Amino acid sequence: MGVVNVRLQHISDDTIISLGNIAYHFKNKEAIVSTIFEAMEKSLKEALIEYRHTPIFANMDRIFGSIEEVQSEYGFFFSDLIEIKRNYPKLFEKIFRFFSWQEFLFHEIIHFNVSRGAFKPIERQEEKAFLAKLLVQSINLYPASKLLWTENLTDNSSLSFYIWQILLPFMTNIGREEYNVLVNQKIQISDSTDESSPG
């Protein structure tokens with residue numbers, strides 16, 4: 001329906017909680033959306049921090065998978081960012097600060113992979129910062145892109161696949177070998193899962 005179109009009555013009907021009870025706990029709809037954002041932010045931070053210390057490609061792939069799980073649970077945040085910005089500017093400031101934190105984290109991940117020779121050297125800090133910003137924007141706009149361009153997505157489309165396509169041109173030969181190993185492992189796991197499932 002879009003966050004703007006949802007009324008407290010819709011929430012009441014959907015949750016079977018009276019309007020009075022909702023109003024007792026939340027001042028308005030923005031307070032509800034803000035509380036949901038805090039839960040989402042906590043889940044995303046846990047997903048990002050878990051593998052940040054050694055962000056080799058396998059751990060990066062886990063990060064992308066965890067982010068996609070959170071995105072599917074809290075989809076409206078990502079598909080309704082413009083409406084949230086328009087209608088709840090204070091909440092959007094919190095979201096923007098979180099995106100800035102993500103940029104810092106991905107800047108560290110890029111630096112780590114340049115240092116270990118998996119990414120091509122990026123000498124200028126501005127270029128690393130730009131790549132980090134591009135990754136964060138691509139990650140957070142991915143759910144909206146899926147809604148808009150579903151017919152253009154392939155069967156193997158996932159956030160992980162999408163982000164790796166952005167990163168491929170930055171990989172060295174060592175990085176490409178590591179990426180190919182990761183892809184082959186995922187294919188083997190997928191094949192073994194398909195074989196073990198009944199029917």
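The values are calculated or read from the model by the stated rules, or taken from the named source; none is laboratory data. What you see is a predicted model; the values in this text were computed from it and never measured. Neighbour counts are summed over all protein chains in view; Cβ atoms, including those assigned to glycine, are modelled from backbone coordinates with ideal geometry. Surface accessibility is based on the protein's heavy atoms, side chains included, excluding ligands, DNA and RNA. Shrake-Rupley method; radii C 1.70, N 1.55, O 1.52, S 1.80 Å.
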*Would you say A47 is at pLDDT 90 or above and closer than 26 Å to A144 by Cα?*
no
*For segment 21-30, what are the residues that are without any contact (Cβ under 8 Å) to a residue 40 or more places away in the chain, open to solvent by 30 Å² or more (accessible area, probe 1.4 Å) and not basic (K, R)?*
N21, A23, Y24, H25, F26, N28
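Residue-wise test of (1) under 19 Å from F77 (Cβ atoms); (2) surrounded by 12 or more Cβ atoms within 10 Å (Cβ to Cβ); (3) at pLDDT below 90.
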| residue | (1), (2), (3) |
| --- | --- |
| N5 | yes, no, yes |
| L8 | yes, yes, yes |
| I11 | yes, yes, yes |
| I16 | no, no, yes |
| L19 | no, yes, yes |
| V33 | yes, yes, no |
| E41 | yes, yes, no |
